1. Could you tell me whether any residue of the range 317-332 is in a helix (DSSP H, G or I) and either closer than 19 Å to Ser279 by Cα or at pLDDT below 80 (or both)?
2. Taking Phe64 as the residue in question, decide whether it is in contact with a Cys (Cβ under 9 Å, 6 or more places away or on another chain), aromatic (Phe, Trp, Tyr) and in a loop (DSSP other than H, G, I, E, B).
3. Could you count how many residues in the range 61-96 are within 17 Å of Leu109 (Cα to Cα) and more than 10 Å from ligand 1 (Cβ to nearest atom)?
4. Give just the number: which of (1) out of contact with any Ser or Thr (no Cβ under 6 Å at 6 or more places or on another chain); (2) within 16 Å of ligand 1 (Cβ to nearest atom) does Ala265 not satisfy?
5. With the condition kept exactly as written, say whether any residue in the range 250-258 is touching a residue at least 24 places away in the same chain (Cβ under 8 Å), in contact with a helix residue (DSSP H, G or I) (Cβ under 8 Å, 6 or more places away or on another chain) and not in a helix (DSSP H, G or I).
6. Can you tell me which residue within the range 360-375, out of those that are within 19 Å of Pro300 (Cβ to Cβ) and at pLDDT below 90, is surrounded by the fewest Cβ atoms within 10 Å (Cβ to Cβ)?
7. Return the residues of the range 193-234 that are among the basic types (Lys, Arg), surrounded by fewer than 14 Cβ atoms within 10 Å (Cβ to Cβ) and under 29 Å from the mean Cα position of the chain (by Cα); say none if nothing qualifies.
8. Conditions: (1) within 16 Å of ligand 3 (Cβ to nearest atom); (2) over 23 Å from the mean Cα position of the chain (by Cα). Pro302 meets all but one. Number of the miss?
Amino acid sequence: MATAQKNFHDPFDNHFRTLPEPNRDIQTKRVTVNQGVISSVENLTYDTYKVVIRCNEDAKQIVFEAGQYATITVPGCRKPRSYSFARASENENKNEYSFFIRLVHGGKLSSWIAGGNREGEHVKISGPLGKFGLDPSNKTMVCIAGGSGMSAINAIVEHACNEQAERDCYFFYGARTQADLYLQEEMQEIERKWNKNNTFKFIPVLSEEAEDSDWDGPRGFVTDHFKNEYLSKGVVSVNDMKAFFCGPPVMIDLGVEALQAAGLADSDIYFDKFEDARSPAPVIDNTKCVLCDECLMVKPTPNCLVEATNFKVNGGGNVTSFERVQPAKTSGLYYNSLFIDENECIRCFACVEACPHDAISVDYDKVPKTLRKYS
Ligand SMILES: Cc1cc2nc3c(=O)[nH]c(=O)nc-3n(C[C@H](O)[C@H](O)[C@H](O)COP(=O)(O)OP(=O)(O)OC[C@H]3O[C@@H](n4cnc5c(N)ncnc54)[C@H](O)[C@@H]3O)c2cc1C
Ligand code: SF4
Ligand code: SF4
């Protein structure tokens with residue numbers, strides 16, 4: 001769809017610039033913030049939990065599409081974390097939301113989930129976020145997930161199955177050993193219910209299973225198995241394929257590389273990377289910002305993205321100090337620049353999606369034009 005342009009008078013630079021029209025579609029999809037309780041926690045494996053959050057009967061429903069995610073805040077953990085909705089919304093009970101959460105050793109939120117009986121605990125849930133999801137075509141779905149990346153892909157295949165999508169689906173799941181496998185019966189059920197004119201195949205691939213075990217399925221890295229046994233042998237073709245990746249960034253990068261090398265267009269590749277504090281935070285180009293506040297309305301934590309002024313920068317262009325503009329004293333229109341505090345950012349990328357002017361980006365290599373004016 002072509003993007004309409006408009007002229008914009010930048011009050012700080014005192015000149016007119018051309019900017020795209022805001023994307024109304026995004027602006028009508030602000031997040032819903034609900035209080036809820038953990039209604040159940042179930043072990044899927046020794047380190048992965050199915051966590052169901054129930055919101056109040058009268059709470060606003062979080063209307064999400066399969067593939068999207070929410071942020072969750074739990075007691076004793078100051079900042080929220082992002083988790084993909086793990087079931088198609090039509091398969092959930094009213095006001096309930098399921099997540100698959102994998103224990104990260106030393107990780108605050110996941111250790112809290114794993115560390116005791118959490119049923120009945122009060123939590124906050126905000127969503128939906130993200131654009132990952134099922135496309136409307138009938139092209140073959142190649143889904144590749146690792147670890148708790150099963151969550152978003154499970155929601156997507158549940159939804160495609162409910163819709164009786166007229167397309168084949170190959171779902172490759174990468175795990176270390178048999179002990180890391182879960183949802184195998186549910187995958188068989190999806191295979192039984194899948195559109196009878198098409199194929200659904202669930203292919204678990206184990207990378208660290210003992211040589212002498214009873215496992216007779218594929219071994220090695222999931223992306224290698226997909227590339228060598230399916231892509232190279234023509235079982236699936238880049239001419240009729242949409243790829244859906246979910247899970248650790250390294251796995252996704254390898255899979256995307258293999259598909260790009262085979263000629264699949266970027267527009268046929270969708271992914272949801274489970275990034276965390278080790279990934280760089282997004283960057284703001286304040287020269288593109290029109291102070292519309294959309295990003296501030298979706299941010300999951302008060303201090304990640306802030307209105308600020310009086311920046312001090314060192315010789316390398318890094319901010320060494322700044323003053324927060326107090327929202328109670330000035331309205332949004334009067335703030336000087338927006339600033340992302342890397343230590344507060346949870347890498348949810350909600351601000352990137354919300355910005356109608358592409359002022360916030362995950363273009364990590366770009367030299368961040370963080371500030372409108374240095375003082
Ligand atoms: C869009 C999105 C969707 C996500 N969906 C899911 C989901 O459905 N299920 C799920 O389990 N997780 C998901 N995650 C990851 C999740 O948000 C948290 O990062 C993860 O649960 C760790 O949180 P924590 O509080 O336990 O660890 P933290 O306290 O945040 O981290 C502790 C330390 O461990 C590091 N760390 C974090 N994750 C890992 C890791 N995997 N391996 C090694 N070190 C790590 C951190 O960088 C930090 O140094 C998703 C992330 C994103 C961005
Ligand atoms: S700065 Fe952006 S990516 Fe970081 S936590 Fe806030 S909204 Fe999410
Ligand atoms: S950075 Fe935030 S305030 Fe600026 S244009 Fe984007 S969404 Fe609006």
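1. Looking only at the range 317-332, we keep the residues that are in a helix (DSSP H, G or I), and these are 332.
Now restrict to residues that are either closer than 19 Å to Ser279 by Cα or at pLDDT below 80 (or both): 332.
Within the range 317-332, one or more residues are in a helix (DSSP H, G or I) and either closer than 19 Å to Ser279 by Cα or at pLDDT below 80 (or both).
2. Numbers: in contact with a Cys (Cβ under 9 Å, 6 or more places away or on another chain): no; aromatic (Phe, Trp, Tyr): yes; in a loop (DSSP other than H, G, I, E, B): yes.
Answer is no for this residue.
3. Count: 4.
4. Only one criterion in (1) out of contact with any Ser or Thr (no Cβ under 6 Å at 6 or more places or on another chain); (2) within 16 Å of ligand 1 (Cβ to nearest atom) is unmet by Ala265, namely (2).
5. no
6. Checked the range 360-375; the qualifying residue surrounded by the fewest Cβ atoms within 10 Å (Cβ to Cβ) is Val362.
7. Initially, the range 193-234 is screened for residues among the basic types (Lys, Arg), giving 193, 196, 201, 219, 227, 233.
Filter once more, so that each one left must be surrounded by fewer than 14 Cβ atoms within 10 Å (Cβ to Cβ): 193, 196, 233.
Passing the criteria: only Lys193.
8. (2)
The values are calculated or read from the model by the stated rules, or taken from the named source; none is laboratory data. Just so it is clear, the model here is predicted, and its values are computed rather than measured. Cβ atoms come from the backbone with ideal geometry, glycine included; neighbour counts cover every protein chain shown.
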